[in-house]
Amino acid sequence: MSDQIKVSRRAALAGAAALPLAAAAGATRAAAPMMGTAMSPFHRIKVGGFDVTTLLAGTRAVEGPHNIFGLNVDADTFAAVSAEANLPTDVSQFFFTPTVVNTGSELVLFDTGLSGAGTTAALEAAGYTVDQIDVVVITHMHGDHIGGMTLDDGSLTYGNARYVTGRAEFDAWAAQDNDNFKAKIAPFAEQFSFLEDGGSVASGLTAMAAFGHTPGHMTYMVEDGGTQLVLGADFANHYVWSLAHPDWEVKFDMDKAAAAATRRRILDMMATDKTAFVGYHMPWPGIGYVEKAGDDFAYVPHSYQLML
C-alpha cells in the first residue's frame, strides 16, 4: 500500500510540474490563426483519354434563395423541401465553375467565369496558362459565363484561342440591347464560329441544344474511350431546388416553361444512361450523377468513378 502511495505522490508531483509547460504549449497552439473556409481551386478527372478539369472561378453567399428558386411554389413548400435537404432558407452558396478539357491535341475552355482574374488564377493553379487555351466555348451569354472574356484593357484574355458558341444564342443576344454582350462578345464577333445542335467543337466534344435558360443555351457531351460526361452549364442551377424539382421556376431562366422541359429531358437522359455531368453552379467540384426519384430526380456527388 505504501509503495502505491509513493508512486501516486510521484505521479502527482510530476503532473503538477508539467502543468506550466502544458499551459505554455497550449498557449502557443492557441496562437495559430483562424483560417476560415477554403476549397481547392481546381479538380481533375479522366474521361477516356481526356483530362477534364473543373475550375473554381468564384463562390459567394446569396441571400433569399426563394427569390431565385421555386418561384412557382409557396414559402411553406420551399421551406419544407429545404429542411428535408438540410438547407437553410435565408442564404445559399453559389459556385461558378468553368471547365477545361484537354483532348491531347487541343485545350478547350468552356465558359470564362465572372471575371478574367478568378478563372485565370484557377487555370494557373491547375497547371495551365492562358496562352495554352486553343478553344474557348461559350455555352450561353449570361454575365457569369462571359465576364472573363476580356482583360481590363478590353483585349481578349485568351488571345491564342478560337471562339465557339451556338448560332441561336449569338443571334438572340445580338438582337437585344445588352451591355455585357456589347462589351464582351460583339467586338470579337468575327472571331467566333457558330454551332447548331449536334455540331462538333473538336473530336469528342459535341453540342447539344438545351434551350430555355437562354434562347440558345447549349450543353456539351464529352466522349472518349467509351466514357461520357455532360458539361451541363446552367440547365439546372441547384442540386435540390432545381435539379430535384425540375418544374420549379428559376429567376434566371428566360423561358421558364422551356427550361423546365429541358431540365426533365436532360436529367432523364443522364439518369437512364448513368452519365456523369458537370454543373456550372453545382456544389464544388461541380461533378455528379443523377438518379430517378419517383417523378423527379436526385443528385449524387461524384466520388472516384472518373479518377480510375
Rounded, prolate or oblate: which one fits the range 35-79, using the alpha carbon gyration tensor with axes a ≥ b ≥ c (rounded when a/c is under 1.5, else prolate when a/b beats b/c, else oblate)?
-> oblate
Mind checking the dipole of the range 39-307: about its Cα centre, +1 per Lys or Arg Cβ, -1 per Asp or Glu Cβ, Debye to the nearest 20?
-> 380 debye
Using mean Cβ contacts within 10 Å as the protection proxy, how do 266-277, 136-147 order, highest first?
-> 136-147, 266-277
Rounded to whole angstroms and listed largest first, the alpha-carbon spread of the chain along its three principal axes comes to 95, 48, 41
On a 0 to 90 degree scale, rounded to 10, what angle separates helix 2-30 from the longest Cα axis of the chain?
-> 30 degrees
Average Cα contact separation per residue, the chain, under 8 Å, 6 or more apart, as relative contact order % = 16 percent
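Using Cβ counts within 10 Å as a stand-in for footprinting exposure, how do Ser40, Ser242, Ser115 rank, fewest first?
The most exposed by this proxy come first: Ser40, Ser115, Ser242.
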Sum up the charges of everything whose Cβ sits under 13 Å from the Cβ of Ile133, counting Lys and Arg as +1 and Asp and Glu as -1, but leave Ile133 out.
-> -4
Degrees, to the nearest 10: 75-84 long Cα axis against longest axis of the chain | 50 degrees
Ranked list, fewest to most other Cβ atoms within 10 Å of each Cβ, for His213, His238 | His238, His213
Acute angle (nearest 10 degrees) that the helix 116-125 long axis makes with the longest principal axis of the chain, alpha-carbon atoms | 60 degrees
In whole Å, what three semi-axes, largest first, describe the equivalent ellipsoid of the range 213-308 built from its Cα gyration tensor (square root of 5 times each eigenvalue)?
-> 21, 14, 12
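FYI, it's all coordinate maths here, none of it is from the lab. Quantities reported herein were computed from a predicted structural model and do not represent experimental measurements. Don't worry about glycine lacking a Cβ; one is built from the backbone with ideal geometry, like all the others, and counts go over all protein chains shown.
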